[in-house]
Each structure stands twice: as C-alpha cells, then as structure tokens.
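**Student:** Handing you this structure, nothing more for now.
The values are calculated or read from the model by the stated rules, or taken from the named source; none is laboratory data. Computed from a prediction, not measured in an experiment: that's the story for all the values here. Cβ sites come from the backbone with ideal geometry, for glycine too, and all protein chains shown count toward neighbours.
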Amino acid sequence: MKLARHPRDLVDVSGPIGLAAGFFDGLHCGHQAVLQATRNWALARGGTPWVMTFDIHPAKIIQPADAPPLITSTRHKLALLERTGMAGCLLLPFNRIRAQQEPEAFLDWLFSQAPGIRAIFTGENWRFGRQGRGDLSLLRNFAKPRQILVKTIRPKIIGGAPISSTRIRAAVRDGDLTLAAHLLGRPFSLMATVGGGLKIGRKLGFPTANLTPDNEVRPPFGVYAVHAMAEGCPFEGVLNYGRRPTLGTPSSPLMELHLLDTRLHLYRRTIEVFWGPRLRDERTFPSLMALARQIADDIKMARRALRQPSEKKLWKKTLQDLGIRL
C-alpha cells in the first residue's frame, strides 16, 4: 500500500480514484464496509481505491481533554489498512491550521490537488472542516456540479445497535472482548514494542516480553490467553496486564507476555497481540515459587481456552486476513 501525505501525491494514480474518507479508529466492520464499497467502485471502473485519514485524532488538537482514547495507533491502523487491499492511504497531518480550515476550503483544496478523485465514500456521520461544520449535505452540494460521486454507507448493526469506535472502546474497557471481536471482525489487538525488564520471568522459567503498547484503550487488569504475531509468525501466549503485586508495585501498569513453545529474542521488535479469553484476576502470591506454579497453571488454561471451537474459528479467519495460510 502506498502512503501519501498530500493530495498532490495522487496526481499520477492511474484511472479514476475512489476515496474512502474517515478516521477509521479500530478499522471495525462498519469501516470495512466503507472500504469494500470503495474498492468495488474503483475496480469496476478500472480505477484505484484509496483511503484518506488523519495522522492524529482531530480532538487531540481541538479539545485535548475530551479526545477519545485510541483503539489503534497510526502505525497499527496503517498496517490494518494494508491488509484490506487498498492501493494507498492519504495520511493527512492534522494541526491547528487544518483545524481552522473552512469546510468548503478543505474540499476545494482536496479535489483541486487530486483531480483524479471521482468518488468519495464515507459513513453517515463523517464531518470535516472548522468546528466540524462540513457535513454530507455540503459535500454533496460541492461534489454534484463537479460530477464527483458521493456515497454514504449505512452503519452496520450488531446486537441491536450500530457498530462504532465508541462502542468498541467501551467493550474493551469493560472487559467484554467477545463483543469487541464481533464489532471489529477480529480479536481486539494492539501493536507494541518490546522493551527491557528485570528478567524475573526468565528466572522463574517463564521468560516474558515487556510490552510498550501504541494504543490507548486497554482491557481490565488480569491474565489473558492471547495470540501474537512476531517476526511474521503466529504464536500462542499468556499475557499479564496490571501491577504484578507479588514482585512489587511499579509506577505504572505493566504488560508482560510469555509466548508458548518458543524462545524468540524480541527486544526492541514490534509485536501484535490479539487478546483472547480472560483467565483470572491479578493477585498477590506468598512466594515466587507459588507464582511460578500459578503461571504453569495459567499456561495450561490458556492452551485449553485458545483451543475452544469459537476461538479457533476466529483465529483461523484472522490468519486468513493476515494472508497466512494454515
């Protein structure tokens, strides 16, 4: 997938461009429907499907105190977008200048710099321009005389309510990862960088990767069965998220991952963790030996949990989406 940071970078794109527009936090099933409609339109006309989004959430500039915690970081979102088959992503920087741009000026700038855009696809709630004053009515009035198609995709409904990033954030925070997976179309996942630790897990016989996650939405503290993608390969694992009270309370919560059946050296590498069933609460153990026995039990529970038919089915679909053949 090509990456552009200015509309003029789309000038040399072949054929008519179909553009999917939105912030796409989480890239959930509703977002995927917008992307699919964009791809279908472009491919039917010998064109090229692109997606347009911002590098940070606009609220982080406009109303920082009210900005929603992100389900996916920018680099994670780009990785997810690449898996959808879009030809490119127009990743626009959002700053105070962009925040003050009137919606008509934004549209004129976008389409004049990239005249190959002949269709734009969005969800029904897409807003743009200063104070979010740009809406679908304004977009259609702008696009019609220029013979640009505007197509809105209705929200997808699951559990009697529309899929939304807000709903997914609430599900993850509440620990309802089953609901989050239904809304996302894949297990809730995060991208993280592996950092250094005290190597206590290694001394106990269960080496862990200490994760620094990119995203901002986190499940409740506890021990989870997880899948992970590391070095292009899938693994099973056990993840502890919390304050590891047996080992002394850290200044901030820690995320520690033990991959099963491997001894990979992942320091400073990137890893994607897909959260599965929650196994238990964090708790304090009387000794390191007692903690080690519990970790051994956690591993057994994780293996059983990840082999449940529903988990195996979801992970099989996820691997297929990742382009990994079983």
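**Student:** Kindly indicate whether G248 is outside the structural domain of T284 (by TED's automatic domain parsing) and closer than 16 Å to E282 by Cα. Full working, then the answer.
**Tutor:** Details: outside the structural domain of T284 (by TED's automatic domain parsing): no; closer than 16 Å to E282 by Cα: yes.
Judged against the criteria, G248 is not a match.
**Student:** Run down T262, T270 and say which single residue is within 22 Å of R83 (Cβ to Cβ), assigned by TED's automatic domain parsing to the domain that holds G205 and polar (S, T, N, Q). Break it down stepwise before answering.
**Tutor:** Values: T262 fails: within 22 Å of R83 (Cβ to Cβ).
Selected residue: T270, the only one of T262, T270 that is within 22 Å of R83 (Cβ to Cβ), assigned by TED's automatic domain parsing to the domain that holds G205 and polar (S, T, N, Q).
**Student:** Kindly indicate which of G22, G30, G46 is out of contact with any Pro (no Cβ under 9 Å at 6 or more places or on another chain), assigned by TED's automatic domain parsing to the domain that holds R154 and not acidic (D, E). Give the derivation first.
**Tutor:** Values: G30 fails: out of contact with any Pro (no Cβ under 9 Å at 6 or more places or on another chain); G46 fails: out of contact with any Pro (no Cβ under 9 Å at 6 or more places or on another chain).
From the options G22, G30, G46, the qualifying one is G22.
**Student:** May I ask you to verify whether T84 is hydroxyl-bearing (S, T, Y), over 16 Å from the mean Cα position of the chain (by Cα) and either part of a helix (DSSP H, G or I) or over 25 Å from L138 (Cβ atoms) (or both)?
**Tutor:** Working: hydroxyl-bearing (S, T, Y): yes; over 16 Å from the mean Cα position of the chain (by Cα): no; either part of a helix (DSSP H, G or I) or over 25 Å from L138 (Cβ atoms) (or both): yes.
Spelling it out, it is not the case that T84 is hydroxyl-bearing (S, T, Y), over 16 Å from the mean Cα position of the chain (by Cα) and either part of a helix (DSSP H, G or I) or over 25 Å from L138 (Cβ atoms) (or both).
**Student:** Right, next: Pick from L183, L149: which is under 24 Å from the mean Cα position of the chain (by Cα) and not small (G, A, S)? So that I can check it myself, show each step before the final result.
**Tutor:** Numbers: L149 fails: under 24 Å from the mean Cα position of the chain (by Cα).
After applying the criteria, what remains is L183.
**Student:** Then there is this: Filtering the stretch 25-50 down to residues that are hydrophobic (A, V, I, L, M, F, W, C) and within 18 Å of P187 (Cβ to Cβ), which residue is surrounded by the fewest Cβ atoms within 10 Å (Cβ to Cβ)? It would help to see each step written out before you state the result.
**Tutor:** So the first thing to find is which residues in the stretch 25-50 are hydrophobic (A, V, I, L, M, F, W, C), and the list is 27, 29, 33-35, 37, 41-44, 50.
Now drop any that are not within 18 Å of P187 (Cβ to Cβ), which leaves 27, 29.
Working: L27: 27, C29: 17.
Taking the candidates together, the pick is C29.
**Student:** Follow-up question, since we're still on this one. So which residues in the stretch 263-294 are within 24 Å of P309 (Cα to Cα) and of a type outside the set (D, E, K, R), if there are any at all?
**Tutor:** V273, F274, W275, G276, P277, L279
**Student:** Looking at R278, R268, R303, R263 in this structure, which one is charged (D, E, K, R), farther than 19 Å from P207 by Cβ and either in contact (Cβ under 8 Å) with a residue 12 or more places away in the chain or part of a strand (DSSP E or B) (or both)?
**Tutor:** Of the residues listed, the single one that is charged (D, E, K, R), farther than 19 Å from P207 by Cβ and either in contact (Cβ under 8 Å) with a residue 12 or more places away in the chain or part of a strand (DSSP E or B) (or both) is R278.
**Student:** Now for a separate question. Please enumerate the residues belonging to the stretch 133-179 that are in a loop (DSSP other than H, G, I, E, B) and among the polar types (S, T, N, Q). Quick ask: steps written out before the conclusion?
**Tutor:** Filtering the stretch 133-179 for residues in a loop (DSSP other than H, G, I, E, B) gives 133, 135, 147-148, 154-156, 159-160, 163-164, 174-176.
Q147, S164, listed by residue number.
**Student:** Working carefully through the options L91, L43, find the one that is touching a residue at least 24 places away in the same chain (Cβ under 8 Å) and either within 21 Å of the chain's Cα centre (by Cα) or part of a helix (DSSP H, G or I) (or both). I'd like the intermediate steps shown before the answer.
**Tutor:** Working: L43 fails: touching a residue at least 24 places away in the same chain (Cβ under 8 Å).
One residue alone meets the criteria, L91.
**Student:** I would also like to ask the following. Would you point out the residue of the stretch 148-170, among those that are touching a helix residue (DSSP H, G or I) at 6+ places or on another chain (Cβ under 8 Å) and aliphatic (A, V, I, L, M), that is surrounded by the fewest Cβ atoms within 10 Å (Cβ to Cβ)?
**Tutor:** Among residues in the stretch 148-170 that are touching a helix residue (DSSP H, G or I) at 6+ places or on another chain (Cβ under 8 Å) and aliphatic (A, V, I, L, M), the one surrounded by the fewest Cβ atoms within 10 Å (Cβ to Cβ) is A161.
**Student:** Also: Can you name the residue in the stretch 171-186 that is free of Cβ contacts under 8 Å to residues at least 24 places away in the same chain and closer than 19 Å to G242 by Cα and is also surrounded by the most Cβ atoms within 10 Å (Cβ to Cβ) among such residues?
**Tutor:** The extreme case among them is A171.
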